[in-house]
Amino acid sequence: MPQYRLVAREARPEGTRVRVGKLEIGGTEFVIAAGPCAIESEEQLSETSRAVARAGAHLLRGGAFKPRTSPYAFQGKGVEGLRMLQRAGQETGLPTVTEVMDSSSVAVVAEHADMLQVGARNMQNFDLLKTLGSAGKPVLLKRGLAATIEELLLAAEYIVYHGNPNVVLCERGIRTFETATRNTLDLGAVAVLKRATHLPVIVDPSHAAGRRDLVAPLSKAAVAAGADGLIIEVHPRPECARCDGAQSLTPADFAELVLVLARYAALESRTVSTLPPPRALVAA
Ligand code: PEP
Ligand code: MN
């Protein structure tokens, strides 16, 4: 038995399905999360969320608390951003996912969002992981920039051990000697994880690639590697984005990608149910 005994595949051979609002991750449905890297304004988020909902996204992403490499870079809208995200989720009917950076903000983030994201830079923030054990909301745990698969699984084990079984793992690229992409997307890890753990696994092609033209091919490959879903950055005007514009898809690119992914998912016996959007969105 591995050290990560609660999340090991043997502990639940049939696999775990994680509920996020009305959504289920880890079943036959291939789940697509989309939205801006950072929540910038009410208008930007509303425009993006309506567009991704119309295109068939299942989950709305958007960062309110941003972990930035430079202290001079845009740090996010904080609690004001959380309120915008909650409104956008209500407007589109999409459940929401957003990053929580420290244990002291778990309560406020859990109050506004349906799923709490642990960023790559925080994968081994053990205090945060323990607090998420009692957050009462599902967690999206991203792999650290230099974390092994075992370290990722042990980080997930912390959350489950501390009381929260609803964890989804995310492969988002790791740091290697390669510089052609922002990170190296480790799709081998997806195949390994699907065997090593019963937790669902999704892929973030945006942060792996760092460039928009690679998002579609990496997304298609993620389906073949056995991923349960994707998380993709979308911005209505990527050239004006305050964060990660180079890797953000336009709403039109995203809509086209969802259609292509539905065909790839079918090859893996998965569905991409592009639910009929609410009437308000069709008219918009
Ligand atoms: C993000 O999702 O915007 C993000 C900061 O991702 P990561 O933690 O994987 O770098
Ligand atoms: Mn980003």
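The values are calculated or read from the model by the stated rules, or taken from the named source; none is laboratory data. None of these values were measured; they are calculated from a predicted model. Note that we place each Cβ from the backbone using ideal geometry, even for glycine, and neighbour counts take in every protein chain shown.
Here is how the numbers come out for the structure above:
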{"read-out": "Members of the range 152-174 found to be of a type in the set (D, E, K, R) and either away from ligand 2 (no atom under 16 Å from the Cβ) or not in a loop (DSSP other than H, G, I, E, B) (or both), listed by number", "value": "Glu157, Glu171"}
{"read-out": "Filter result (small (Gly, Ala, Ser) and within 16 Å of ligand 1 (Cβ to nearest atom)) within the range 216-255", "value": "Ser219, Ala222, Ala227, Gly229, Ala241, Gly245, Ala246, Ser248"}
{"read-out": "Residue within the range 35-58 that is basic (Lys, Arg) and touching an Asp or Glu at 6+ places or on another chain (Cβ under 7 Å) present", "value": "no"}
{"read-out": "So Ser41, is it more than 16 Å from ligand 1 (Cβ to nearest atom) and farther than 22 Å from Arg237 by Cβ", "value": "no"}
{"read-out": "Cβ pairs under 9 Å, 6+ apart, first in the range 81-105 and over 15 Å from Asp127 (Cα atoms), second modelled with pLDDT under 95 and of a type in the set (Ser, Thr, Tyr)", "value": "none"}
{"read-out": "Condition broken by Asp213, with the remaining ones in (1) surrounded by fewer than 24 Cβ atoms within 10 Å (Cβ to Cβ); (2) over 18 Å from Pro36 (Cα atoms) satisfied", "value": "(2)"}
{"read-out": "Residue in the range 81-96 that is farther than 20 Å from Lys137 by Cβ, of a type outside the set (Lys, Arg) and within 19 Å of the chain's Cα centre (by Cα) present", "value": "no"}
{"read-out": "Neighbours by Cβ (under 9 Å, 6+ apart or cross-chain): first from the range 174-189, acidic (Asp, Glu); second assigned to a loop (DSSP other than H, G, I, E, B)", "value": "Asp186/Arg143; Asp186/Gly173; Asp186/Thr176"}
{"read-out": "Matching option when the condition is away from ligand 1 (no atom under 12 Å from the Cβ), acidic (Asp, Glu), out of contact with any Leu (no Cβ under 9 Å at 6 or more places or on another chain) and touching a residue at least 24 places away in the same chain (Cβ under 8 Å), among Glu151, Glu157", "value": "Glu151"}
{"read-out": "Top-ranked residue in the range 115-146 [being under 14 Å from the mean Cα position of the chain (by Cα) and of a type in the set (Val, Ile, Thr); ranked as nearest to Phe65 (Cα to Cα)]", "value": "Val118"}
{"read-out": "Single residue of Ala283, Ala221 found to be more than 16 Å from ligand 2 (Cβ to nearest atom) and modelled with pLDDT of 95 or more", "value": "Ala221"}
{"read-out": "Some residue of the range 185-201 being away from ligand 2 (no atom under 15 Å from the Cβ), among the β-branched types (Val, Ile, Thr) and within 15 Å of the chain's Cα centre (by Cα)", "value": "yes"}
{"read-out": "Yes/no for Leu141 being within 14 Å of ligand 1 (Cβ to nearest atom) and either among the β-branched types (Val, Ile, Thr) or closer than 23 Å to Glu157 by Cβ (or both)", "value": "yes"}
